[in-house]
1. When you look at the Cβ of every residue in B:78-88, what mean number of other chain Cβ atoms sits within 10 Å?
2. So if the hydrodynamic radius of the stretch B:140-221 is defined as the Kirkwood radius over C-alpha pairs, what does Stokes-Einstein give as its diffusion coefficient at 25 °C and 0.890 mPa s, in µm² per second?
3. Counting DSSP beta bridges with both partners in chain B, what percentage is antiparallel, nearest 5?
4. Ordered by residue, what ³J(HN,Hα) values in Hz, to whole numbers, does the stretch A:210-215 give under the Karplus form 6.51 cos²θ - 1.76 cosθ + 1.60, where θ = phi - 60° and Gly and Pro are x?
5. List every residue whose amide H lies under 5 Å from the amide H of residue B:80, counting only residues 5 or more places away in sequence or on a different chain, with H placed 1.01 Å from N in the peptide plane.
6. Can you give the alpha-carbon Rg of the stretch B:176-253 over 2.2 N^0.38 Å, where N counts its residues?
7. Where the eigenvalues come from the Cα gyration tensor of the protein assembly as shown, what are the semi-axes √(5λ) of the equivalent ellipsoid, largest first, in whole Å?
8. For the stretch B:1-50 and the stretch A:191-245, what is the separation of their Cα centres, given in Å?
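Readers should treat all values here as calculations from the given coordinates under stated rules, not as data from a laboratory. Not measured: the values here are computed from a predicted model. Note: ideal-geometry Cβ built from the backbone for every residue, glycine included; neighbour counts use all protein chains shown.
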Amino acid sequence: MKASTALLFVIPALAMILLFVFIPLIGVLGLSLTDFNVYALANSANLHFVGVANFTHLLHDHAAWQGVETTMTVVLVGVPATLGLSLVCALMIESIGARWRGLFRTAFFLPVVCSTVAVAIGWRYLLNTRYGLVNRLLAAAHLPTPNWLGTPGLALLAVTVVVVWKGFGYGMIIVAAARREIPDELYDIARIEGAGMTQQLLRITMPMLAPTLGLLALLDAAGYWQLFAEPYVLTQGGPMGSTMSLLLLMYDRGFRWWRWGVASALAMVLTVIMWLFAWLQRHTRAAWRGD
Amino acid sequence: MARLELQRVTKSLANGQRVLRDIDCAVNDGELISMVGPSGCGKSTLLRCIAGLEAITSGEIRIGEQRVNDLPPRQRNVAMVFQNHALYPHMTVYQNLAFGLRVRHVARAAVDARVRRTAARLGLDALLGRYPRELSGGQRQRTALGRAMLREPGVFLLDEPLSSLDIPLRAEMRRELSALHQSLGTTMVYVTHDQSEALSLGQRVVVLADGAIEQIDTPDGIYQAPRNRFVAGFVGWPPMNFLSEDWLHDTGLDTQCIEYGIRPERLRLRPGARGDFSIIGKLERIESFGGEWQVEISRQGSRVIARVPPETKLQRGAELRLWFRREDLYAFDRATGSRMQAWR
Ligand SMILES: Nc1ncnc2c1ncn2[C@@H]1O[C@H](COP(=O)(O)OP(=O)(O)O)[C@@H](O)[C@H]1O
Ligand SMILES: [Mg+2]
């Protein structure tokens, strides 16, 4: 195919990327260097170039650091939990009979394809202090019935649980596919040599799934850095900012306080972090492929 | 080292398909026996049953005089080599070789000594640090063999170990395997779908078809005295010619109840003694193999192949007469397919 013909095919995609990624990105970069706010919207004379002031402001903003902590917590707790759940469920559905496999696979994958907002609303009902199913069950078992979404630590836990529950099905499908790729003969040899279930898991299954799990860890981490909808619906970032993720904070600064300069600066920081993830993913993948 | 005995071994699948039917066979201690049959006839299943990877439905398997029906694979004293090598891709050659010993918690120093000794024996010493993807097909197969050898089994089970290799390498590995068997002296069951491989490697050959044993004999026995039409047609290349009635009109042979077969190398371009039979057909094809030609003649849609010395006079499209001795014919009962021993 001639280069010019090939170009013709990619032009639509390139145009979309230009229109919806690069132009906004440059716009945001520009905005992040100004004090653009609701007054500037009314009268452009109120728009000033402020250099890196928005960035230095963020450095000294307690809420920003709390946002980092919240987001990091969800990443550091959520990623291993998601991976673990993905792995266990994948191995489970691959070891049971075909009849049940479809049912479990669908059940575990359903949250992935559901609207985040919808399931978060569902969880808000489940976690309601007085009428929620969770607390009713706890009460029935004579256990304490905490105010899940109104207590700082518990709210973050609840958000993390919802995030993991919503996300692990995707990893499960990927891990299950990777598990199916492992030839049966490898396990036949292991059985002949005398390796039990545990040894088979540790010496064959886990090492052979490691590249997949590593990739999933990166994908999950990148996804959880962009945590937004779950805390937005469940807690609006509260109580006391304890579930205010960085993305939610950006939204809060931009659309509640009309401080688009600061919000843009935050957006730029997040963008750079996401690039870092993308770079990491490319390089680890290349390393695993063995070249 | 051990003797392997199969007594009326039967295996049925959940869907009722009988994959193995009344397999009766004894492999002597130290013998190399090859099992051959068309794809899907149950060869792999039989090996897997012997190894204990699959359960049999009825019958008895004995290894070294012990009944092993209910023993798990690791207690059956067998080692297995698969067609696709089944090497662990995340382990080096060294780790692959050491796998079984490590699994059984053999001391590290002992593992090292044994792995290195086996690697040296197979010419793998320089490759111990490599991963399977960095090996050639032959090196992979040698590694898989080495792993099986380190098990020091009573019986080796080899499931088409050479069929993923290219042809020159296959011949070389076949010789190596044969030499290895002689020096190890271990009982080996060698499964293949390639009849020439089975004949050249096995001290005895088991011919399987559709889950049942058709014949067990020495390679010469199988070739010279096939028990039935299936074995006769399966063993030998090009396969035996089965002569339809049209070929034999003027011979006066009974073609009503008997089907006749003749091996391609028994057909000749010239008459020998008086009383020889001949068949005549149109020369369709000449294929040269250097020292030998294969010629194909046809008559009313049925074809006969002969292996003959090169003969420049032959002309494609012309009539060609091929001669053979009456006693070189094989006769098969049309009703049962079994060979009529009395014929020769
Ligand atoms: N897991 C299985 N499920 C269904 N059918 C099987 C299975 N394994 C083997 N078979 C059937 O058993 C027969 C023998 O297979 P196999 O032992 O692999 O033959 P071979 O090794 O001689 O090619 C085939 O007809 C195959 O369809
Ligand atoms: Mg097979």
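1. Values: counts 1, 3, 6, 1, 6, 1, 3, 3, 8, 3, 8.
Mean shielding count: 4.
2. Using the Kirkwood radius from Cα pairs, D works out to 182 µm²/s.
3. Percentage antiparallel, nearest 5: 70.
4. 3, x, 5, 5, x, 5
5. So residue B:80 has HN proximity to B:157.
6. Numbers: Rg = 16.0 Å, N = 78, 2.2 N^0.38 = 11.5 Å.
Against the compact-globule rule of thumb, the ratio is 1.39.
7. Rounded to whole Å, the semi-axes are 72, 32, 24.
8. If we compute the Cα centre of each part, the gap is 46 Å.
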